[in-house]
1. Here's a check for you: in the range 7-32, which residue that is part of a helix (DSSP H, G or I) and crowded, with 20+ Cβ neighbours inside 10 Å is farthest from the chain's Cα centre (by Cα)?
2. Residue under question is residue 231, and the condition is that it be among the aliphatic types (A, V, I, L, M), in contact with a Leu (Cβ under 9 Å, 6 or more places away or on another chain) and surrounded by fewer than 19 Cβ atoms within 10 Å (Cβ to Cβ); does it hold?
3. Given the structure, is residue 113 in the same structural domain as residue 129 (by TED's automatic domain parsing), under 19 Å from the mean Cα position of the chain (by Cα) and at pLDDT 95 or above?
4. Assuming residue 248 fulfils every condition listed in (1) of a type in the set (A, V, I, L, M, F, W, C); (2) surrounded by fewer than 19 Cβ atoms within 10 Å (Cβ to Cβ); (3) part of a helix (DSSP H, G or I) apart from one, which condition is it?
5. Being closer than 14 Å to residue 3 by Cα and among the charged types (D, E, K, R), is that true of even one residue in the range 213-226?
6. Name the residue, out of 33, 16, 62, 56, that is in contact (Cβ under 8 Å) with a residue 60 or more places away in the chain, among the charged types (D, E, K, R) and over 29 Å from residue 145 (Cβ atoms).
7. Take the conditions in contact (Cβ under 8 Å) with a residue 40 or more places away in the chain, part of a helix (DSSP H, G or I), in contact with a helix residue (DSSP H, G or I) (Cβ under 8 Å, 6 or more places away or on another chain) and more than 26 Å from residue 94 (Cα to Cα) and apply them to residue 179. Does it pass?
8. Tell me whether the range 217-229 contains one or more residues that are at pLDDT 95 or above, of a type in the set (Asp, Glu) and under 23 Å from residue 138 (Cα atoms).
Amino acid sequence: MIIIGEKINSTLKSIRPAMENWDKAAVQDLAVRQAEAGASYIDVNAGMFVNDEPERLEWLVRCVNEVIDTPLAIDTPNPVAMERALKANTKGRPIVNSITLEKHRYETVLPLVAKYRTGVIALCMDDSGMPETVDQRVEIAQKLITGIENEGVSRGDIYIDPMVRPVGTGSHYGVVAIETIRKVKAMYPDVHIACGLSNISFGVPARKLLNQAFLICAMQAGMDGAIMDPLDAKIMSFVYATEALLGLDEYCMNYIAMFREGKLDA
């Protein structure tokens, strides 16, 4: 499972004051803890700082690069901020988070993916907005995969986001996301599937419970990546347990290793 650590995000009240104050130590501590907890990538987002996002995103990249070798997911729809961050990056090959089929976003972000030879998270959304049905999302995913491949990006560097929407705003959204994952993965087994896990529970109580249940369902359908909180030991334990149950962990060796390291919250 590809874990994209979500905690260095300007929308989160827990870290935003540190970003506002250019508090390098706080940002770096959060990056290190996520990496040590099992994050495959560290997401960095400065989108709430509208007036100086490029400068702040570059600063976040430099801060994190100083203390860990874990690659980054650079999270912005702003092509100016994206390129500045990509230029500043020195650790590994990052993921661009994200692109959509919206004309302006597609045409400004995709050239950066090709230029810097990054991975890319591609959201199933176009200029008509967020699609309601599985078929609409799959159609957009197909167009995204074809277009991104035509720019020289391999399928293994593409992460399709099925556009998870809160079940509190539509009881069908969980099923739509899961079936989109299932169909896209069946059609393109070499393409990764990665979503913002906690989107499913927005606006409802006991969010962690829904996130955990959705994680298991989505992994069973073929999801192999998630933007999530690696510091949540319980949900990370569900990742390891589900991998074992789905035959993705030979002889449960990783599950056993996590148990021995005290990382299972059982």
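1. Going residue by residue through the range 7-32, those that are part of a helix (DSSP H, G or I) are 16-20, 24-32.
Then keep just the ones that are crowded, with 20+ Cβ neighbours inside 10 Å; that gives 19, 27, 30-31.
Working: 19: 20, 27: 19, 30: 17, 31: 15 Å.
By that ranking, first place goes to 19.
2. Details: among the aliphatic types (A, V, I, L, M): yes; in contact with a Leu (Cβ under 9 Å, 6 or more places away or on another chain): yes; surrounded by fewer than 19 Cβ atoms within 10 Å (Cβ to Cβ): yes.
Yes, satisfied.
3. Details: in the same structural domain as residue 129 (by TED's automatic domain parsing): yes; under 19 Å from the mean Cα position of the chain (by Cα): yes; at pLDDT 95 or above: yes.
Considered against the rule, which asks whether it is in the same structural domain as residue 129 (by TED's automatic domain parsing), under 19 Å from the mean Cα position of the chain (by Cα) and at pLDDT 95 or above, residue 113 comes out as yes.
4. (3)
5. yes
6. Values: 16 fails: in contact (Cβ under 8 Å) with a residue 60 or more places away in the chain; 62 fails: in contact (Cβ under 8 Å) with a residue 60 or more places away in the chain; 56 fails: in contact (Cβ under 8 Å) with a residue 60 or more places away in the chain.
Sole residue among the options that is in contact (Cβ under 8 Å) with a residue 60 or more places away in the chain, among the charged types (D, E, K, R) and over 29 Å from residue 145 (Cβ atoms): 33.
7. Numbers: in contact (Cβ under 8 Å) with a residue 40 or more places away in the chain: yes; part of a helix (DSSP H, G or I): yes; in contact with a helix residue (DSSP H, G or I) (Cβ under 8 Å, 6 or more places away or on another chain): yes; more than 26 Å from residue 94 (Cα to Cα): yes.
Spelling it out, residue 179 is indeed in contact (Cβ under 8 Å) with a residue 40 or more places away in the chain, part of a helix (DSSP H, G or I), in contact with a helix residue (DSSP H, G or I) (Cβ under 8 Å, 6 or more places away or on another chain) and more than 26 Å from residue 94 (Cα to Cα).
8. The initial filter retains those residues of the range 217-229 that are at pLDDT 95 or above, namely 217-229.
When the remaining residues are screened for being of a type in the set (Asp, Glu), the result is 224, 229.
With the extra rule that they be under 23 Å from residue 138 (Cα atoms), the set shrinks to 224.
There is at least one residue in the range 217-229 that is at pLDDT 95 or above, of a type in the set (Asp, Glu) and under 23 Å from residue 138 (Cα atoms).
The values are calculated or read from the model by the stated rules, or taken from the named source; none is laboratory data. A quick note: this is a predicted structure, and the numbers were derived from the prediction, not measured. We place every Cβ from the backbone using ideal geometry, glycine too, and count neighbours over all the protein chains shown.
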